[in-house]
Amino acid sequence: MRLVILGPPGAGKGTQAKKVASHFGIPAISTGDIFRQNVTDGTPLGKQVEEIMKSGKYVPDEVTNEMVRNRLLEEDAAVGFLLDGYPRTAAQVDELDSMIATSGTKLDAVLELTVDMDEVVDRLLKRAEIEGRPDDTEDVIRHRLEVYTEQTAPLVHIYSDRNLLLRVDGMGDISDVTSRLLAACNDFAV
């Protein structure tokens, strides 16, 4: 399976990506996790993206594209993958199309977690407290949601037009959301 998961920040994409990827025996590839690890490790990439992330903006496409391209070339991604946090822009959709075409494969589905935006803000503020994430202040969260609405939400239409989009209710218990996602994938694959 080659999957993408979409949804606003705080929708539960990271949690669900790990569960769905594990079910299908593929790696969950989170651009946010990769960026945060680079920041923690003090790598050149981490230094480049740290201030961008703190402000709630998107890391430039050329940086993100190269990082994803390199990750998809790793051995464990040959059998499939679930991308979380990529693509985020229409230009990244085109770049991902190119990456996948080079390998002679295609996306199987794009999962969209639909959530209540006020609930998302509450989730992110709680996560910031628990995990001590400096990029999750209320102002930054609201800015990230605006950026998502402007730049990433339009991808829903692109993938819907390609008959790849599976909309799944992201509200409720984690295990219930996982069950809905797996059922959507199974129904789609039939």
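The values are calculated or read from the model by the stated rules, or taken from the named source; none is laboratory data. Treat the numbers as computed from the prediction; the structure is a model and nothing was measured. Neighbour counts are summed over all protein chains in view; Cβ atoms, including those assigned to glycine, are modelled from backbone coordinates with ideal geometry. With ligands, DNA and RNA removed, areas are computed over all heavy atoms of the protein, side chains included. Shrake-Rupley method; radii C 1.70, N 1.55, O 1.52, S 1.80 Å.
Which of the following residues is open to solvent by 80 Å² or more (accessible area, probe 1.4 Å) and among the hydrophobic types (A, V, I, L, M, F, W, C): Ile130, Ile141?
Of the residues listed, the single one that is open to solvent by 80 Å² or more (accessible area, probe 1.4 Å) and among the hydrophobic types (A, V, I, L, M, F, W, C) is Ile130.
Considering segment 139-162 alone, what residues qualify as being charged (D, E, K, R) and either over 19 Å from Tyr58 (Cβ atoms) or in contact with a Gly (Cβ under 6 Å, 6 or more places away or on another chain) (or both)?
Within segment 139-162, Arg144, Asp161, Arg162 meet the criteria.
Among residues belonging to segment 93-111 that are open to solvent by 50 Å² or more (accessible area, probe 1.4 Å) and among the hydroxyl-bearing types (Ser, Thr, Tyr), point out the one that is nearest to Ala78 (Cα to Cα).
Filtering first and then ranking leaves Ser103.
Could you figure out which of (1) open to solvent by 70 Å² or more (accessible area, probe 1.4 Å); (2) more than 18 Å from Pro9 (Cα to Cα); (3) modelled with pLDDT of 90 or more isn't true of Asp173?
(2)
When you go through (1) over 17 Å from the mean Cα position of the chain (by Cα); (2) open to solvent by less than 70 Å² (accessible area, probe 1.4 Å) one by one for Thr114, which number turns out not to apply?
Condition (1) is where Thr114 drops out.
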